[in-house]
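What follows is a set of notes on a single structure, which appears directly below.
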Amino acid sequence: AGAVLGQPGFAVLPHFATEAARQVMVRVLAGEQVLLEGQAFAHCAGHFDVYHVPLREDDAAVPTGALLIFRDVTERDRLAEEATRLRLRQQQEVLAAIVDTQETERKRIAEALHNGLGQLLYATKLSLEGRAGWAATAPEPLRLLEEAIKATRTISFELTPGILQDFGLCIALEELTKRIAP
């Protein structure tokens, strides 16, 4: 302690003698408190917050020195990163649950459309076609029923394309492009 007391800081710690460190010291000796957070040093593992406090003698207007306090914050930073990873994992789990719930609901709606409404429309069409002479005198309602059946099938397929589950994304996209192409 006696050998370094009163010596310039950069003479005692030459590995800190960088232009950035010199600029910080200029600010501190001008009276400004400076905090450098999460600093890493080549000669020492970990992260440090470095507090620079100007020192004044007997109410002097101009600082006569500086006090540097190095605080090891490696564990704090590690815990913060771990907490961030935990929050991210929890958000991913919540998102996966939401997507799963939406997919289940889509399947339920698609099934209700196909097995409920679609079958009812088809039965109505068959009933109308079975009536003697009705199809010849009123073809427009049958055409509208056929369009409703096709629309129901399309909506049901688009909600949960079975081909996606059975054959994968690539085949499902190929099939979709065939449906879209004129």
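Among the helices (runs of 4 or more DSSP H) confined wholly to the range 63-182, which include 3 or more residues that are closer than 30 Å to V34 by Cα?
Values: elements: 74-111, 119-130, 134-137, 139-159, 162-167, 169-180.
Those helices (runs of 4 or more DSSP H) span 74-111.
Tell me the residue from E140, E93, E129 that is modelled with pLDDT of 85 or more and of a type outside the set (V, I, T), please. I'd like the intermediate steps shown before the answer.
On the way: E140 fails: modelled with pLDDT of 85 or more; E129 fails: modelled with pLDDT of 85 or more.
Sole residue among the options that is modelled with pLDDT of 85 or more and of a type outside the set (V, I, T): E93.
Take the range 5-39 and flag every residue that is open to solvent by 70 Å² or more (accessible area, probe 1.4 Å) and outside any helix (DSSP H, G or I).
L5, G6, Q7, P8, A30, E32, Q33, L35, E37
Which residue pairs have Cβ atoms closer than 6 Å, lie 6 or more positions apart in sequence or on different chains, and pair a first residue in the range 1-22 that is without any contact (Cβ under 8 Å) to a residue 12 or more places away in the chain with a second residue that is open to solvent by less than 80 Å² (accessible area, probe 1.4 Å) and assigned to a helix (DSSP H, G or I)?
Pairs that qualify, where the first residue is without any contact (Cβ under 8 Å) to a residue 12 or more places away in the chain and the partner is open to solvent by less than 80 Å² (accessible area, probe 1.4 Å) and assigned to a helix (DSSP H, G or I), are V4/V12; A17/F10.
Could you list all residues from the range 70-99 that are touching a Phe, Trp or Tyr at 6+ places or on another chain (Cβ under 8 Å) and either touching a residue at least 40 places away in the same chain (Cβ under 8 Å) or open to solvent by 80 Å² or more (accessible area, probe 1.4 Å) (or both)?
If the condition is that a residue be touching a Phe, Trp or Tyr at 6+ places or on another chain (Cβ under 8 Å) and either touching a residue at least 40 places away in the same chain (Cβ under 8 Å) or open to solvent by 80 Å² or more (accessible area, probe 1.4 Å) (or both), then F70, R71, D72 are the ones that fit.
Could you please give the count of residues in the range 40-55 that are open to solvent by less than 70 Å² (accessible area, probe 1.4 Å) and assigned to a loop (DSSP other than H, G, I, E, B)?
0
The values are calculated or read from the model by the stated rules, or taken from the named source; none is laboratory data. Small disclaimer: the values here were computed from a predicted structure and weren't measured. Ideal geometry is used to build each Cβ from the backbone, glycine not excepted, and the neighbour counts take in all protein chains shown. Just the protein is used for accessible areas: all its heavy atoms, side chains included, with ligands, DNA and RNA removed. Shrake-Rupley method; radii C 1.70, N 1.55, O 1.52, S 1.80 Å.
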